[in-house]
Each structure stands twice: as structure tokens, then as C-alpha cells.
Amino acid sequence: GKAYLQMPLTIDHGAASMFVSSASTASVPQQGTVIGEALEMSLDAFNEKEARFKTIILISDGEDHDEGAMSTARDLADQGVMINTVGLGSPQGTTIPDPVSGGLKKDESGMPVVSMLNEAMLRELAETTNGTYVKLEGTEDAVVAIQSQLPNIESTALADMSRMNFTTYYMWFVALMLLLLMLEQLIPEWRKK
């Protein structure tokens with residue numbers, strides 16, 4: 001129903017893992033899918049000064065309750081952003097359980113809501129931005145397919161300070177300072193004046 005930025009882009013892999021592991025449908029107050037708004041929010045999370053090296057991985061069933069997704073994808077393509085899509089669900093669809101009532105989620109007319117995978121839309125979103133579409137049948141296959149697509153965009157090396165080891169040399173300066181202080185004590189008082 002509404003897009004939310006849960007975590008800004010970061011190179012802190014621990015924080016990213018924590019956010020991903022705690023992600024659930026309960027953390028979203030308004031149900032529904034607005035892919036166009038999510039894509040716009042994703043673009044806003046990028047550094048505006050950098051015009052290259054941008055890709056979005058969209059994981060969705062493709063059921064969009066907003067008609068602006070394709071126009072947003074075309075705008076992103078013009079800005080050099082690649083969208084790779086991962087489809088969840090089945091084309092036949094299934095009903096959605098309602099945790100509040102214990103039954104099935106129903107629409108306004110009282111009929112059970114059936115959620116279906118819209119592969120055509122996800123494929124079109126990816127193709128519009130020179131990305132790739134992958135149907136999620138196994139996480140390893142999806143990860144390999146997306147990773148094989150990433151070299152197609154220009155890449156840049158980002159410094160990950162969290163994984164760097166620094167060598168400190170301050171001990172040498174401290175030792176020299178202590179040596180000079182001890183030598184100063186050996187100089188007679190009359191020479192200091």
C-alpha cells in the first residue's frame with residue numbers, strides 16, 4: 001500500500017543482515033503493492049551525485065495496485081538504473097490467510113483474495129532497464145542469475161572500512177618521547193639555563 005525505507009544504503013553488512021532477518025509482513029502497516037512508489041524510493045536512497053553504478057533488485061509477486069510502475073521504470077532507465085526482478089509465487093495463485101480472523105483474506109465483495117505471480121510485468125520491468133527477470137524456485141539459482149547480471153553495469157570499488165585492518169605506529173613515537181624525557185633528566189641543571 002505504501003513504500004517505506006527500512007534502512008539506508010550501507011556497507012555495514014552486520015546491520016543489513018539484522019534488518020533482513022527481522023523483515024516480516026507485520027512490519028508493514030498498509031498491505032498491498034505499489035511498485036512504482038517503491039522504485040522511486042529506491043532511487044532516492046542512491047547518491048544523487050553519482051550517475052552510474054546503480055541497480056535495484058525488486059523481489060515481488062508483481063501484483064501491482066499502482067499503474068505507475070512502468071513509467072517509473074522508463075524514467076529509471078533514462079537515468080541509467082538497472083532493475084533486476086525476482087518473482088515470488090505461482091501463476092495459478094493462491095489464497096491469503098488472514099491472521100486476524102483465522103480464515104482467508106476477503107475483498108470488498110466478500111470473495112477470497114487470490115494472489116498470483118505476474119511474470120509478464122516483472123519481466124517487462126527488467127527488460128525496460130536492461131535487467132533480468134528470475135522466478136524464485138531456489139535461492140541459490142536466483143542469486144547466481146542476479147550476480148551474473150551485475151557485471152553488465154559499470155562497477156566501482158567501494159571502500160569497506162569495517163573489514164580493514166589498520167597498523168598503528170604510535171608506539172614508536174611514544175618510545176622516542178620517553179627516551180628524550182629521560183635524557184633531559186640527565187642534563188645538569190646549570191646547562192638547562
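The values are calculated or read from the model by the stated rules, or taken from the named source; none is laboratory data. Just so it is clear, the structure is predicted and the values come from calculations on it, not from any experiment. Counting neighbours? That spans all protein chains shown, and the Cβs are built from the backbone with ideal geometry, glycine included. Please note that ligands, DNA and RNA were not included when accessible areas were found on the heavy atoms of the full protein model with its side chains. Shrake-Rupley method; radii C 1.70, N 1.55, O 1.52, S 1.80 Å.
If you take the residues in the range 73-110 that are without any contact (Cβ under 8 Å) to a residue 40 or more places away in the chain and of a type in the set (Lys, Arg), which one is nearest to ALA26 (Cα to Cα)?
LYS105
So for the range 84-107 (the condition being open to solvent by 40 Å² or more (accessible area, probe 1.4 Å) and closer than 23 Å to ALA45 by Cβ), does at least one residue qualify?
Yes, the range 84-107 contains at least one residue that is open to solvent by 40 Å² or more (accessible area, probe 1.4 Å) and closer than 23 Å to ALA45 by Cβ.
Please pick out the residue among SER148, SER115, SER155, SER162 that is surrounded by 10 or more Cβ atoms within 10 Å (Cβ to Cβ), in contact with a strand residue (DSSP E or B) (Cβ under 7 Å, 6 or more places away or on another chain) and modelled with pLDDT under 85.
SER115
On the basis of being farther than 25 Å from PRO151 by Cβ, open to solvent by 40 Å² or more (accessible area, probe 1.4 Å) and at pLDDT 80 or above, does SER27 make the cut?
Considered against the rule, which asks whether it is farther than 25 Å from PRO151 by Cβ, open to solvent by 40 Å² or more (accessible area, probe 1.4 Å) and at pLDDT 80 or above, SER27 comes out as no.
Name the residues in the range 120-145 that are open to solvent by less than 50 Å² (accessible area, probe 1.4 Å), farther than 16 Å from LYS54 by Cβ and in a loop (DSSP other than H, G, I, E, B), would you?
GLY138
Which residue pairs have Cβ atoms under 6 Å apart, sit 6 or more places apart or on different chains, and have a first residue in the range 120-143 that is under 15 Å from ILE35 (Cα atoms) and a second that is open to solvent by less than 20 Å² (accessible area, probe 1.4 Å) and assigned to a loop (DSSP other than H, G, I, E, B)?
From the range 120-143, the pairs are MET121/GLY62; LEU122/GLY62.
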